[in-house]
1. Would you check which residues across the range 1-28 are closer than 16 Å to P40 by Cβ, small (G, A, S) and not in a loop (DSSP other than H, G, I, E, B) and list them?
2. Tell me which residues, restricted to the range 46-69, are in a strand (DSSP E or B) and either over 13 Å from the mean Cα position of the chain (by Cα) or of a type outside the set (A, V, I, L, M, F, W, C) (or both).
3. Here is a list of conditions, (1) over 24 Å from H29 (Cβ atoms); (2) not in a strand (DSSP E or B); (3) not charged (D, E, K, R), and G87 meets all of them except one; can you say which number that is?
4. Is there a residue in the range 86-103 that is surrounded by fewer than 17 Cβ atoms within 10 Å (Cβ to Cβ), modelled with pLDDT under 90 and under 22 Å from E3 (Cβ atoms)?
5. Any residue at all in the range 91-104 that's free of Cβ contacts under 8 Å to residues at least 40 places away in the same chain and under 16 Å from F8 (Cα atoms)?
6. Can you tell me which residues in the range 8-49 are at pLDDT 95 or above and aromatic (F, W, Y)?
7. Among the residues of the range 76-83, is there at least one that is out of contact with any helix residue (DSSP H, G or I) (no Cβ under 7 Å at 6 or more places or on another chain), in contact (Cβ under 8 Å) with a residue 60 or more places away in the chain, within 15 Å of M1 (Cα to Cα) and part of a loop (DSSP other than H, G, I, E, B)?
8. Can you work out which of the residues in the range 66-79 that are farther than 16 Å from Q20 by Cβ and of a type in the set (A, V, I, L, M, F, W, C) is surrounded by the fewest Cβ atoms within 10 Å (Cβ to Cβ)?
Amino acid sequence: MAEVAHFFICDEAYEDDRGQPCVIGMYDHIRSASFPHIHPRMVVAAQMVGHHDEGCDVTVEVLDPRHHVLVSSHNDAPAALSEIGQGFVFLTLADTAFAEPGRYTVQISSEGRVLASKPLILQQEDSIHDPQRAH
């Protein structure tokens, strides 16, 4: 079974014309002036490693602070790994509704086994002063 070498929560991810992964706008915090907060677009990009003849059949889930599944996305077709056993998987989550501030979890699983997870912190700010920090 393929494993997750690392993954990112970001604004955009794709492969360029040479097959190189491009990850844009990585983050681990989302700040909002009010809740519930609807986040229009979140991409989870994962570097997978394993045997070159395996596919990567993965599910991405966002869990709320009480560990209930908030949203889930599954790749439509298993991604193939390259001859050297590497591949990228990109899954997009649109219009994710976060009910409250807190520590959410983004996790990647395959065949019912969690391969990797990381926190995603939602913070409420009375006013967002620095537009560069307001994701």
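The values are calculated or read from the model by the stated rules, or taken from the named source; none is laboratory data. What you see is a predicted model, and the numbers here were worked out from it, not measured in a lab. Please note: Cβ atoms are built from the backbone with ideal geometry, for glycine as well, and neighbour counts cover all protein chains shown.
1. We begin by selecting, within the range 1-28, every residue closer than 16 Å to P40 by Cβ; these are 9-13, 24-25, 27.
Retained after the next criterion (residues that are small (G, A, S)): 13, 25.
Within the range 1-28, A13 is the sole residue that qualifies.
2. Let us first name the residues in the range 46-69 that are in a strand (DSSP E or B), namely 46-49, 55-56, 59-63, 69.
Those that are in a strand (DSSP E or B) and either over 13 Å from the mean Cα position of the chain (by Cα) or of a type outside the set (A, V, I, L, M, F, W, C) (or both): Q47, M48, V49, G55, C56, T59, E61, V69.
3. That leaves (2) as the condition not met.
4. Keep residues of the range 86-103 that are surrounded by fewer than 17 Cβ atoms within 10 Å (Cβ to Cβ), which gives 86, 92, 94-95, 97, 99-100, 102-103.
From what's left, modelled with pLDDT under 90: 86.
Now restrict to residues that are under 22 Å from E3 (Cβ atoms): 86.
Yes, the range 86-103 contains a residue that is surrounded by fewer than 17 Cβ atoms within 10 Å (Cβ to Cβ), modelled with pLDDT under 90 and under 22 Å from E3 (Cβ atoms).
5. Residues of the range 91-104 that are free of Cβ contacts under 8 Å to residues at least 40 places away in the same chain, as a first pass: 102-103.
Filter once more, so that each one left must be under 16 Å from F8 (Cα atoms): none.
No, that holds for no residue.
6. F8, Y27, F35
7. Residues of the range 76-83 out of contact with any helix residue (DSSP H, G or I) (no Cβ under 7 Å at 6 or more places or on another chain): 76-83.
Imposing the further condition that a residue be in contact (Cβ under 8 Å) with a residue 60 or more places away in the chain reduces the set to 81.
Then keep just the ones that are within 15 Å of M1 (Cα to Cα); that gives 81.
With part of a loop (DSSP other than H, G, I, E, B) added as a condition, the list becomes 81.
Yes, because at least one residue in the range 76-83 is out of contact with any helix residue (DSSP H, G or I) (no Cβ under 7 Å at 6 or more places or on another chain), in contact (Cβ under 8 Å) with a residue 60 or more places away in the chain, within 15 Å of M1 (Cα to Cα) and part of a loop (DSSP other than H, G, I, E, B).
8. Taking the range 66-79 and keeping what is farther than 16 Å from Q20 by Cβ, we get 66-78.
From what's left, of a type in the set (A, V, I, L, M, F, W, C): 69-71, 77.
Details: V69: 11, L70: 19, V71: 18, A77: 8.
For the range 66-79, the residue satisfying everything is A77.
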